[in-house]
1. For the range 118-137, does any single residue satisfy the condition of being of a type in the set (S, T, N, Q), in contact (Cβ under 8 Å) with a residue 24 or more places away in the chain and under 30 Å from Pro70 (Cβ atoms)?
2. Do we have Val6 as at negative phi and at pLDDT 90 or above here?
3. Taking the stated definitions as given, is Glu165 out of contact with any helix residue (DSSP H, G or I) (no Cβ under 8 Å at 6 or more places or on another chain), without any contact (Cβ under 8 Å) to a residue 60 or more places away in the chain and closer than 24 Å to Lys196 by Cβ?
4. Please specify each residue of the range 139-158 satisfying the condition of being in contact with a helix residue (DSSP H, G or I) (Cβ under 6 Å, 6 or more places away or on another chain) and either free of Cβ contacts under 8 Å to residues at least 24 places away in the same chain or under 22 Å from Arg227 (Cα atoms) (or both).
5. Considering only the range 30-46, state which residues are over 17 Å from the mean Cα position of the chain (by Cα) and either in the same structural domain as Thr146 (by TED's automatic domain parsing) or crowded, with 16+ Cβ neighbours inside 10 Å (or both).
6. Please give the strands (runs of 3 or more DSSP E) falling wholly within the range 131-228 in which 2 or more residues are in contact with a strand residue (DSSP E or B) (Cβ under 9 Å, 6 or more places away or on another chain) and in the same structural domain as Leu48 (by TED's automatic domain parsing).
7. Could you name every one of the strands (runs of 3 or more DSSP E) located completely within the range 17-128 that has at least 3 residues being of a type in the set (Gly, Ala, Ser)?
8. Just to check your reading of the model, which residue among Val1, Val69 is surrounded by fewer than 18 Cβ atoms within 10 Å (Cβ to Cβ) and modelled with pLDDT under 90?
Amino acid sequence: VPPALVERLRARFGIRLRNGYGLTESTAAVASVPVHLDAPVDPASGTLSVGLPGADTAVRILDGRGAEVPLGETGEIAVRGPQLAHGYWGRPEETAEAFPGGELRTGDVGFMDADGWLYVVDRKKDMINASGFKVWPREVEDVLHTHPAVRDAAVVGVPDPYRGETVKAYVSLLPGAAAEPAELSAYCRDRMAAYKYPREVEVLPVLPKTTSGKILRRELRDRGRKRS
């Protein structure tokens, strides 16, 4: 959940929106925010924590070789606990890859702080490689969500002959709001590193979503690649 949305809901309706983290393979929550606490925001990245790991749930952050990384460093989130599925029905090879030793390799990139709070940065497969620099879509989306005209935002990588990939943002606007693509690009440029801000912005009436409200990033990625 974008931190800006959490604050907007708190200011307008007086409600405390609580983040959480789970997957289909976990069948239930992996981490959640206790009712008496507010989820912290990482000061370096602006990422809102998804909570503390649940009872009997072990969360590790791993590097590309499967070794645990120090606190605060990013890597793949790995989960072990009684709520995990045993694998994928009839797909032994995929099960062996995703559940080595019974531990779920989630495909999500994140980190943990010294107090045990878990932060999800993004999906590993969604990382954008712009001129050799890693750009995580969610970080750019969180900045776009702070713009007063933006309703929804999704960021993808599209082919670029010079940079390999470039950052492209798709946004929809709030009813009655107005914002030009160049304005939104400049807004991000003023708030993040030069290699991260979206060089391309496309405003759509609505962003494609699943029936549960999740933005279909793959459709937007395909749209961007066809137009590049």
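1. Within the range 118-137, one or more residues are of a type in the set (S, T, N, Q), in contact (Cβ under 8 Å) with a residue 24 or more places away in the chain and under 30 Å from Pro70 (Cβ atoms).
2. no
3. Criteria met by Glu165.
4. Ala153, Ala154, Val155, Val156, Val158
5. Selection gives Val33 alone.
6. Where strands (runs of 3 or more DSSP E) fall fully within the range 131-228, none carries at least 2 residues being in contact with a strand residue (DSSP E or B) (Cβ under 9 Å, 6 or more places away or on another chain) and in the same structural domain as Leu48 (by TED's automatic domain parsing).
7. 29-32
8. Val1
The values are calculated or read from the model by the stated rules, or taken from the named source; none is laboratory data. None of the values given here were measured: they were computed from a predicted structure. Quick reminder, even Gly has a Cβ in these numbers, built from the backbone with ideal geometry, and neighbours come from all protein chains shown.
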